[in-house]
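Down below is the structure, laid out as structure tokens.
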Amino acid sequence: MRTLKDCGVDLVWAATINNVPEAVGLSRAAAAVGLPINLSFTLDGNHRLKSGPSLKEAIMATDAEAGAARPDSYGINCSHPLEFAPALEPGDWTRRIRSLRPNAAMMDKVSLCKLGHIEEGDPEELGQMMGDLARRYPDIDIWGGCCGTWDKHFDRIAHYVGTARREAVPA
């Protein structure tokens, strides 16, 4: 973290976090050098972190355990919306989520790694899902992609998220 601070970074993004102790340690390390951090959890087909907690439980536990060193924000990466959308339980805690970087295909991570090729899923469907999430969660402002996403996915994500944002602006 010190090296990143010395290089002048604005924000640390820590990706594919799968347990609360790792999240707390990263939060404390970033806070110790005065860097904001976005911690991005990954979820499995059961809509939970592989280590067991729900997304809500992981965020609340990380915030509680990190205390004053809590992360600036959270995200979700390396999971398809069908894996993570059900984990977005109602409540103010979702306002802590700022970034979404979905996988292109709904496949478990081990299977994706063993394919021997990039599985791109359905870019149009992925874009539509992300647009729906943009409507439901206006605090999310960092959009991207993870495993299997490329220009046609980003085009569809940008289109549908942009449409959702324009629809949300009062005329």
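The values are calculated or read from the model by the stated rules, or taken from the named source; none is laboratory data. Computed from a predicted structure; not experimentally measured. Reconstructed Cβ throughout: ideal geometry from the backbone, glycine too, with neighbour counts over all protein chains shown.
Take Cys78 and tell me if it is modelled with pLDDT under 95, within 16 Å of the chain's Cα centre (by Cα) and at positive phi.
yes
Looking only at segment 72-97, which residues are outside any helix (DSSP H, G or I) and within 13 Å of Arg48 (Cα to Cα)?
Ile76, Asn77, Cys78, Ser79, His80, Leu88, Glu89
From Leu26, Leu4, grab the single residue that is among the hydrophobic types (A, V, I, L, M, F, W, C), in contact with a strand residue (DSSP E or B) (Cβ under 7 Å, 6 or more places away or on another chain), assigned to a helix (DSSP H, G or I) and surrounded by 18 or more Cβ atoms within 10 Å (Cβ to Cβ).
Just a single option satisfies the conditions, and that option is Leu26.
I'd like the residue in segment 7-23 that is of a type outside the set (Phe, Trp, Tyr) and assigned to a strand (DSSP E or B) and, out of all such residues, is nearest to Ser79 (Cα to Cα).
Filtering first and then ranking leaves Thr16.
Please verify whether segment 57-71 includes one or more residues that are assigned to a loop (DSSP other than H, G, I, E, B) and either surrounded by fewer than 21 Cβ atoms within 10 Å (Cβ to Cβ) or not β-branched (Val, Ile, Thr) (or both).
Yes; the residues of segment 57-71 include at least one that is assigned to a loop (DSSP other than H, G, I, E, B) and either surrounded by fewer than 21 Cβ atoms within 10 Å (Cβ to Cβ) or not β-branched (Val, Ile, Thr) (or both).
Can you tell me which condition Ala104 does not meet? The list is (1) of a type outside the set (D, E, K, R); (2) out of contact with any Asp or Glu (no Cβ under 6 Å at 6 or more places or on another chain); (3) closer than 27 Å to His153 by Cα; (4) at pLDDT below 95, and all the others hold.
(2)
Given the criterion out of contact with any strand residue (DSSP E or B) (no Cβ under 8 Å at 6 or more places or on another chain), of a type outside the set (A, V, I, L, M, F, W, C) and touching a residue at least 60 places away in the same chain (Cβ under 8 Å), identify the matching residue among Gly52, Gly45, Gly34.
The match here is Gly45.
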